Amino acid sequence: FRNTIYKDSLNFATIGYGHLIVDGDPYEEGQEYSKVILDQQFDEDFDIALSGAEKILGTGDMNFKAKCVIIEMVFQLGIGGVSKFKKALKAIGEEDWDTAADEMLDSKWATQTPERATELSSIIRSCKL
C-alpha cells in the first residue's frame, strides 16, 4: 500500500494497493491520499477483478484457491490479459494443476513479474493437495 503515486514494475503510474492510474482518475503526482479513499478504490478494483474472473471461469463451483489466483491475475492484468492464458485456463478447468502452473510460468507476465508469477503458480500447483 502506498498513499502516493508510484511507478510499478513496468514503470506505470500506480497508487494504493496497485491501482493503475488511467485518464480520468483524480490522483495527482506528489499528493498524499487517505487510506479511506484508497481502500474505496481497492474495493472498486476488486469488484471489477471478481467480475472479470467470473466471466472467465463462470460462477459455478471451483477450487477456491484457483479462483482467488485468477481474481488476482485479473486485478493485475485485466480480463483481456488473463483471457490470453488459454492453455492455463483450460488446465484449471480440467483440474490439471501442474500444467496450469507451468503454463502460467511460460508467459511474458512471468518474465515481467517473476515473483508474483512464481507465487501464484505455486498456489495453483498446491490445488492438487
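The values are calculated or read from the model by the stated rules, or taken from the named source; none is laboratory data. Here the structure is a predicted model, which is why all the values come from computation and not from measurement. Cβ sites come from the backbone with ideal geometry, for glycine too, and all protein chains shown count toward neighbours.
Evaluate the following for residue 103: is it exposed (fewer than 13 other Cβ atoms within 10 Å of the Cβ), closer than 27 Å to residue 129 by Cα and out of contact with any Gly (no Cβ under 9 Å at 6 or more places or on another chain)?
Numbers: exposed (fewer than 13 other Cβ atoms within 10 Å of the Cβ): no; closer than 27 Å to residue 129 by Cα: yes; out of contact with any Gly (no Cβ under 9 Å at 6 or more places or on another chain): yes.
Taking the combined requirement at face value, the residue does not satisfy it.
Six or more apart or on different chains, Cβ under 8 Å: which pairs go from a residue in the range 77-106 that's of a type in the set (Phe, Trp, Tyr) to one that's outside any helix (DSSP H, G or I)? Could you list them?
Between residues of the range 77-106 that are of a type in the set (Phe, Trp, Tyr) and residues that are outside any helix (DSSP H, G or I), the close pairs are 85/107.
I want to confirm something. Restricting to the range 59-68 and keeping residues that are at pLDDT 95 or above and of a type in the set (D, E, K, R), which single residue is surrounded by the fewest Cβ atoms within 10 Å (Cβ to Cβ)?
Result: 65.
Could you say which residue among 52, 81, 60 is closer than 19 Å to residue 106 by Cβ and not hydrophobic (A, V, I, L, M, F, W, C)? If you could, list the steps in order and put the result at the bottom.
Details: 52 fails: closer than 19 Å to residue 106 by Cβ; 60 fails: closer than 19 Å to residue 106 by Cβ.
Every option except 81 fails the conditions.
Counting just the residues of the range 32-58 that are among the hydroxyl-bearing types (Ser, Thr, Tyr) and farther than 20 Å from residue 84 by Cα, which one comes out surrounded by the fewest Cβ atoms within 10 Å (Cβ to Cβ)? Lay out the reasoning, then the answer.
Pass one, the range 32-58, residues among the hydroxyl-bearing types (Ser, Thr, Tyr): 33-34, 51.
After this cut, where a residue has to be farther than 20 Å from residue 84 by Cα as well, the list is 33-34.
Working: 33: 17, 34: 9.
Ranking the candidates gives 34 first.
Considering the range 76-129 alone, what residues qualify as being of a type in the set (Val, Ile, Thr) and either under 23 Å from residue 55 (Cα atoms) or out of contact with any Ser or Thr (no Cβ under 8 Å at 6 or more places or on another chain) (or both)?
Restricting attention to the range 76-129, the residues satisfying the condition of being of a type in the set (Val, Ile, Thr) are 79, 82, 92, 99, 111, 113, 118, 123-124.
The answer is 79, 82, 92, 99, 111, 118, 123, 124.
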